[in-house]
Amino acid sequence: MKKQIIFITTLCLILSSCGQEETKTNDKALQLKELKSDLKTLTNDIKKLEIELNLNTKLPVKNRIPVRIDTLKEEVFYHYIEQPGKINSKENILVSAEMGGLITKINFKEGDVVTKGETVVKLDSDLMQSNVDELMATLELAKTTFERQEALWSKKIGSELQYLQIKNQYKSLQKKVDAAETQLNKLNISAPINGVIEELFLNPGELANPGRPAFRIVNTERIYVESDVAERYANVLQKNSPVKVTFDALGIQQQSSLSFVGQVINPENSTFKIKIDLDNPKGFLKPNGSASLEIQDYVNHQALVVPSQVVKKDMRGDYLFINDNGTAEKRYVKMGLSHDDKSIIVSGLNVGDEIIIEGFSEVVSGSVLDIKK
């Protein structure tokens, strides 16, 4: 009995001791949690105090981040659609013979400048010329006969029927001569425009036939650039929209405007055509050459514009850094259109804000700045 009492007493002491140790452990864990919370608060307070002290006491330059700033102001912003284009000539013509015949002479060679109406290719016209000469002789006789009969009829000599028959013969012969001369002229293939003989397709001794090209003539003084533009710009581009046309291979640039905006969408590639008329007095621009187009589709005369590279992005959105009394401030913004490394800021900035444009990649929010000029 006595041994049992001693055992129970010992067990109670052991359990009591364990309970006290567990209580002490819980107390220490709670105390550690409270200390960590206090440490976090103290750390934040220390950072705030450091920033305030940095503002009130000049840090050594070596401890500040060198940056350059630019004061934000309203400016004009243009946006352009960039498109490839192809040069064409409005006067690039394949000329064919209207009548068949043997080529007897070619009056010009490739590269020669010709004037509208000049004969370039001459066909054999001996037979046709003989017919015309014969008709002309007959016409002269008919004319003399008609004039004599007309003089007699004016004096009421002779019958009216005889007078009308002679008159009809004379008029009919006139029409036949005119038709024969027209056909004779068609045996000469003439230049339909002023221009340069680009290609000759036939040689003397060959037969020229209607529909078979005899030569190509080109006038490059007036050209146009043509391009196919994506359907999404159909409600943006209008006739007379400003265009900057660059011919990279030639180092030539011209300012112009859209002279034509197509009204039909090509179902094969969902594009529509645009054209830009250009002057080419020196002939440097050649048909089928390449061009680069910058078509103005937007202009804002009071835009807030920043360099595109200063804008960064995180999970929350686009942001940049501005100068706030010598420290960097992270400012979230809403972006608009961009062009030529410049971007419109739709919201988030105001006129007069000082944008960090150099050194922005080295700063974080709260960094003390060494502003360079």
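The values are calculated or read from the model by the stated rules, or taken from the named source; none is laboratory data. These numbers were taken from a predicted model, which means no experiment stands behind them. We place every Cβ from the backbone using ideal geometry, glycine too, and count neighbours over all the protein chains shown.
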### Task
Could you tell me whether region 102-119 includes any residue that is at pLDDT 90 or above, closer than 30 Å to P242 by Cα, under 43 Å from the mean Cα position of the chain (by Cα) and exposed (fewer than 12 other Cβ atoms within 10 Å of the Cβ)?
no
### Summary
Filter region 196-233 for residues that are charged (D, E, K, R) and part of a strand (DSSP E or B); the one that is farthest from N92 (Cα to Cα) is D228
### Message
If a residue must be closer than 13 Å to R64 by Cβ and not β-branched (V, I, T), how many such residues does region 351-366 contain?
### Response
3
### Task
For region 125-132, indicate whether the set of residues that are closer than 21 Å to R212 by Cα, outside any helix (DSSP H, G or I) and at pLDDT 80 or above is non-empty.
no
### Query
Taking into account only those residues within region 138-175 that are at pLDDT 75 or above and in contact with a Leu (Cβ under 7 Å, 6 or more places away or on another chain), which is surrounded by the most Cβ atoms within 10 Å (Cβ to Cβ)?
L173
### Query
Considering only strands (runs of 3 or more DSSP E) fully contained in region 263-359, which possess at least 2 residues that are in the same structural domain as F247 (by TED's automatic domain parsing) and surrounded by fewer than 17 Cβ atoms within 10 Å (Cβ to Cβ)?
271-279, 290-307
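Does at least one position in region 207-216 carry a residue that is closer than 28 Å to F260 by Cβ and out of contact with any Lys or Arg (no Cβ under 8 Å at 6 or more places or on another chain)?
Step one: list which residues in region 207-216 are closer than 28 Å to F260 by Cβ, which gives 213, 216.
From the residues that got through so far, the ones that are out of contact with any Lys or Arg (no Cβ under 8 Å at 6 or more places or on another chain) too are 213, 216.
Among the residues of region 207-216, at least one is closer than 28 Å to F260 by Cβ and out of contact with any Lys or Arg (no Cβ under 8 Å at 6 or more places or on another chain), which makes the answer yes.
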